[in-house]
Amino acid sequence: MTLPETVLPGDSLADSRPGAQWWRTAVIYQIYPRSFADASGDGVGDLPGVTEHLDDLRTLGVDAIWLSPFQRSPQKDAGYDVSDYCDVDPLFGTLPDFDDLIEAAHARGIRIIADLVPNHSSDQHVWFQQALAAAPGSPERARYIFRDGKGADGELPPNNWDSVFGGPAWTRVVEPDGTPGQWYLHLFDTSQPDFDWSNPEVHEEFRRILRFWLDRGVDGFRVDVAHGLVKAEGLPDYSPDPESGSMGGDEANVPYWGQEGVHEIYRDWNKLLAEYDGDRALCAEAWLPTVDMTALWVRPDEMHQAFNFAYLETEWDAAALRDVVDESLRAYPAVGAPSTWVLSNHDVVRHASRLALTAENPQGHGIGPDSPGQPDPVLGLRRARAASAVMLALPGSAYIYQGEELGLPEVIHLPGEARQDPTWFRTDGERYGRDGCRVPIPWHATAPAYGFSPTGQSWLPQPEEWESLARDVQAADPASTLSLYRTLLAARREHRLGAGTLEWLDGYGDDVLAFRNGDVTVIANLGEAPVELPTADLIAASEPVTGGILPTDTTVWLRPA
Ligand code: GLC
């Protein structure tokens with residue numbers, strides 16, 4: 001098939017008619033701003049860097065961008081610790097830079113979703129500073145979760161909860177008079193105190209924040225830790241399974257995940273978004289044990305999408321993938337929502353490495369040089385290309401994480417002194433954390449920092465092997481991962497696969513995923529034995545296919561000859 005070499009500005013990829021609910025079928029590209037493109041030259045990516053590269057994303061063929069946090073923040077958790085929700089952090093630029101970005105994106109038919117972090121703020125947020133300066137029981141403290149400690153002198157934390165990043169979830173403060181005082185809850189780093197969502201003032205403040213960004217033109221929000229805002233009454237003790245993922249998604253009835261009260265918050269936000277024109281959407285980051293539980297976040301009057309982490313966490317196994325696809329295409333439509341699909345993001349081991357791991361690796365733990373089950377990079381990339389070709393053929397909306405279109409692997413050999421994820425520090429290096437999927441991406445093979453930054457600086461070191469993975473090298477190579485993604489995204493749009501329906505095809509064996517979506521037939525061979533293909537025209541292949549035989553770990557898209 002022929003690909004558009006240049007794409008005209010202004011021709012929208014996603015359906016832009018009012019009420020068309022563009023997010024139902026959209027391909028949404030996650031930008032992790034600090035690692036995407038650095039226009040200022042300080043080694044950290046920024047908003048002008050994103051604006052400069054919008055045409056690359058247009059050519060790739062995405063409908064929308066989700067921007068990980070760019071709001072003002074001390075960057076203790078890479079921006080997920082917000083100190084001012086209504087400003088841009090100077091590291092990333094200014095509010096006018098954001099306005100320029102949104103205008104330039106919209107001019108190209110690309111929508112923008114902003115990250116919203118409502119579970120916690122930074123400890124540098126003015127509210128938390130006021131809380132520290134105020135007395136126990138004051139209205140200032142009531143915006144966060146302060147409690148007296150246990151023990152004779154309150155020297156023990158109020159309960160046994162652990163932080164997602166390791167270590168206790170409580171920190172004791174020193175009261176303004178210098179005495180040891182109350183404790184505050186932080187499900188994440190000590191620098192990320194949890195808001196108390198039973199306080200109406202917190203609701204009011206977040207309505208204001210939503211309006212601030214909606215008024216500036218954002219098309220929606222990705223809601224961080226959307227399952228965590230409400231804590232169980234009385235904050236009962238709870239010990240998670242140490243082998244479960246960091247977001248604790250493996251178990252039901254966790255007193256800080258998935259409490260019934262959170263849904264009321266999203267019903268309220270749903271109404272607020274509906275006051276705005278142009279189909280604005282909410283997407284839940286909610287790590288829950290089952291697809292059915294996650295579907296509760298996207299009931300008709302709540303959010304519009306939820307990340308399908310069950311799909312992301314499914315191993316490279318045909319039967320398991322068939323099951324999770326079936327469950328997703330049952331559970332989400334049952335509540336009137338589209339399914340989403342996702343394989344990578346800034347919190348998980350990149351799928352070009354993850355799919356070849358040979359040992360358990362709980363979410364958030366990351367991999368380093370001495371982790372068990374080291375992935376074979378060749379196998380990992382091969383599987384990643386095959387997996388992406390399956391994902392992008394599924395009906396619904398798909399999320400792509402920056403760099404996966406280049407086939408980037410997890411960076412395993414990052415020096416300890418370069419690592420910055422709070423997980424690494426809070427576990428004394430026992431868990432590597434998430435830096436390996438956050439390394440700045442390569443644009444030009446021969447430029448300093450592979451074109452990430454004009455000065456050659458990069459906040460995390462880029463591996464030498466990335467020269468050959470740079471976007472300019474791949475753009476010129478029809479066999480590259482970038483060319484594969486472009487072909488898949490163009491065909492997905494042409495054949496309207498996002499809006500299609502899936503029909504499984506029998507007769508290919510247990511290790512094969514075979515389905516039809518509209519006039520496209522997708523066959524993925526996850527087994528070792530070669531598979532004979534039907535006579536058809538090839539739209540795309542994740543690896544070269546010759547003689548009508550589909551080799552192992554390969555996906556093809558076919559159409560009737
Ligand atoms: C979400 C983010 C993650 C962050 C955490 C705390 O899981 O995706 O990066 O560390 O929330 O905000």
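Cα centroids of region 339-418 and region 168-224: how far apart, whole angstrom?
Each part reduced to its Cα centre gives a spacing of 31 Å.
Net charge near I112, counting Lys/Arg +1 and Asp/Glu -1 over other residues with Cβ under 14 Å of its Cβ?
Taking every Cβ under 14 Å from that of I112, the sum is -3.
Which of the GluC sites (Glu not before Pro) found in region 376-477 are in a DSSP loop and have at most 16 neighbouring Cβ atoms, other than their own, within 10 Å?
Loop-located and lightly packed - E430.
Can you put H53, H106 in order, fewest other beta carbons within 10 Å first?
Least crowded to most crowded, the residues run H106, H53.
Under 25 Å Cα-Cα from K271, which lysines qualify once same-chain neighbours fewer than 8 residues away are excluded?
K231
Which values of log₁₀ I(q)/I(0), to two decimal places, follow from the Debye formula for the chain at q = 0.06 Å⁻¹ with a uniform point scatterer at every Cα?
Here log10 of I(q) over I(0) equals -0.28.
Averaging over every viewing direction, what projected area does the convex hull of the Cα atoms of region 166-210 cover, in nm²?
Reported value for the Cα convex hull: 4.4 nm².
Roughly how many nanometres apart are two label points built 7 Å out from the Cα toward the Cβ at A529 and A359?
In this crude label model, A529 to A359 measures out at 3.3 nm.
Taking other Cβ within 10 Å of each residue's Cβ, how do H413, H263, H351, H365 sort, fewest first?
Ordered from fewest to most neighbouring Cβ atoms within 10 Å, H413, H263, H351, H365 come out as H413, H263, H365, H351.
Compute the distance in nm between two label points, each set 7 Å from the Cα along the Cα-to-Cβ direction, one at A320 and one at E233.
Rounded to a tenth, the inter-label distance reads 3.9 nm.
Filter the GluC sites (Glu not before Pro) in region 98-157 down to the DSSP loop ones having no more than 13 other Cβ atoms within 10 Å, then list what survives.
E155
Cut-off is 10 Å between beta-carbons; in what order do L379, L538, L497, L357 appear when sorted fewest neighbours first?
Fewest to most other Cβ atoms nearby, the residues stand as L538, L379, L357, L497.
Loop-only check: which trypsin sites (Lys or Arg not before Pro) in region 128-164 are DSSP coil with at most 12 other Cβ within 10 angstrom?
Qualifying residues, ordered by number: none.
Computed over the Cα atoms, what is the radius of gyration of region 126-185 divided by 2.2 N^0.38 Å, N being its residue count?
Normalised Cα radius of gyration, region 126-185: 1.10.
Less than 15 Å Cβ to Cβ from H351, Lys/Arg counted +1 and Asp/Glu -1: what total charge do the surrounding residues give?
Around H351, the surrounding residues sum to -2.
Can you work out the FRET efficiency for the pair L272 and K150, with r the C-beta to C-beta distance and R0 = 45 Å, to the nearest 0.05?
The value I calculate is 0.70.
Every number in this text was worked out from the coordinates using simple rules, so none of it is lab data. Since the model is a prediction, treat every value here as computed from it, not as a measurement. Every residue, glycine among them, receives a Cβ derived from its backbone with ideal geometry; neighbour counts consider all protein chains shown.
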